[in-house]
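Novice: The structure is given below, and queries will be raised subsequently.
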């Protein structure tokens, strides 16, 4: 390693045998001088002043949030990062409707309060409105402490900083509150979308299953109020006996997130007639059964290809040979994750929509398809029976032969499809995001009125 003096060309003046010794002495001195120079640079008066201003602004923002009039709600919006699926769209639809209320202060807390320039932004723009305040701060790089070091320190205490905001309600829309809400003392409200981790544990990510198994029961026991998307899930929670029925409130969702989408052209490989499945490619969606039904359809020469629309998902290795065979034989089209406009076009122009899930807490694709006026063939499970309300054809989830027969019958009967489409539109009209948001706001207010004494939760 070149020393300070060798860099200056002076080490050659030292006798050869002494050079290693001199270098060993001078290198620490050189490093010390560099550190001193950096310390002086970090402690420059301009940086000290900038640090003071930044800390004062941070404290002032906390004071403003603590003094806000009206109902203050901390909301975990982590599901709005990454590609949005069911829970992300639930949260987006809810916030869109609550955004303009003047009786709420909705504080949106993402994965971190303090952002590094390299951190990912939300997949799409966060909802905006007078009721919404994203609690996100960027740490400048002109302070006395380096940005990376300061971020590590701030992230270590962010749960205390969230608690300092003094929110009256803490809303966890994704089953359990995140670590950053650990010391927040507002009334806890959670949304439990389904109990698949109990009934179909094998279908979840291992990490997701472990987390829910370890934390969900404790969360339910501590929550002031537990929201569900359907009466079906509320009934399942009541049957668990963890709380009395009054602790659970079912608030149905709105009719999906495509209400304002501008319809696009269909992808080039989509034919004029096709059936559609919308959902993540994961075990609970029961796609293996649906593909087996389509293999029977191919044998029966039904001539109706199946289009799959959704992200790749998890635990689907066994599905890959079926997918590959279907694409090779020409009766399967895997569209992947598509834009809202493309999804709206697929819903509207499909001959029918298949929803064969083994279990759901609500079933947004059923409602989205019915809103588009497209007939729905769905598995006969409690949530689908509740949401469809007699406006869909329900088939046992494990009977591929029955599915194949119903697909053929429905695809070949224009009058029946037209009737189902009209019934579906009427049924979907009974669901609305304004109603979902209004009932959720009332639930948050009720929880705040019965907030427990200062108590942290883990």
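The values are calculated or read from the model by the stated rules, or taken from the named source; none is laboratory data. Note that the coordinates shown come from a computational prediction; the quantities given were computed from them, not determined experimentally. Backbone-built Cβ (ideal geometry, glycine too); neighbour counts: all protein chains shown.
Novice: Looking at (1) without any contact (Cβ under 8 Å) to a residue 24 or more places away in the chain; (2) under 26 Å from residue 388 (Cα atoms), which one does residue 337 not meet, given that it meets all the others?
Specialist: Going through (1) without any contact (Cβ under 8 Å) to a residue 24 or more places away in the chain; (2) under 26 Å from residue 388 (Cα atoms) one by one, residue 337 breaks only (1).
Novice: So residue 341 clears everything in (1) closer than 20 Å to residue 86 by Cβ; (2) surrounded by fewer than 15 Cβ atoms within 10 Å (Cβ to Cβ); (3) not assigned by TED's automatic domain parsing to the domain that holds residue 331 except one condition, right? Which one?
Specialist: (3)
Novice: With the requirement that a residue be touching a helix residue (DSSP H, G or I) at 6+ places or on another chain (Cβ under 8 Å) and over 24 Å from residue 85 (Cα atoms), what does the stretch 112-130 give you? Reasoning before the result, please.
Specialist: Looking only at the stretch 112-130, we keep the residues that are touching a helix residue (DSSP H, G or I) at 6+ places or on another chain (Cβ under 8 Å), and these are 112-114, 116, 122-124, 126-127, 129.
Selection gives 114, 116.
Novice: Please state which one of 140, 79 is in a helix (DSSP H, G or I) and out of contact with any strand residue (DSSP E or B) (no Cβ under 7 Å at 6 or more places or on another chain). Talk me through it step by step, then tell me what you get.
Specialist: Values: 140 fails: in a helix (DSSP H, G or I).
None of the others qualify; the one that does is 79.
Novice: Further question: Please verify whether residue 36 is under 21 Å from residue 178 (Cβ atoms) and either part of a helix (DSSP H, G or I) or modelled with pLDDT of 90 or more (or both), treating the condition exactly as stated. I'd like the intermediate steps shown before the answer.
Specialist: Numbers: under 21 Å from residue 178 (Cβ atoms): no; either part of a helix (DSSP H, G or I) or modelled with pLDDT of 90 or more (or both): yes.
Here the answer is no, as residue 36 does not meet what is asked.
Novice: Could you count how many residues in the stretch 173-196 are buried (at least 18 other Cβ atoms within 10 Å of the Cβ) and under 18 Å from the mean Cα position of the chain (by Cα)?
Specialist: 15
Novice: What number goes with the only condition from (1) surrounded by fewer than 24 Cβ atoms within 10 Å (Cβ to Cβ); (2) closer than 25 Å to residue 413 by Cβ; (3) without any contact (Cβ under 8 Å) to a residue 60 or more places away in the chain; (4) in contact with a helix residue (DSSP H, G or I) (Cβ under 7 Å, 6 or more places away or on another chain) that residue 329 does not pass?
Specialist: Among (1) surrounded by fewer than 24 Cβ atoms within 10 Å (Cβ to Cβ); (2) closer than 25 Å to residue 413 by Cβ; (3) without any contact (Cβ under 8 Å) to a residue 60 or more places away in the chain; (4) in contact with a helix residue (DSSP H, G or I) (Cβ under 7 Å, 6 or more places away or on another chain), residue 329 violates only (2).
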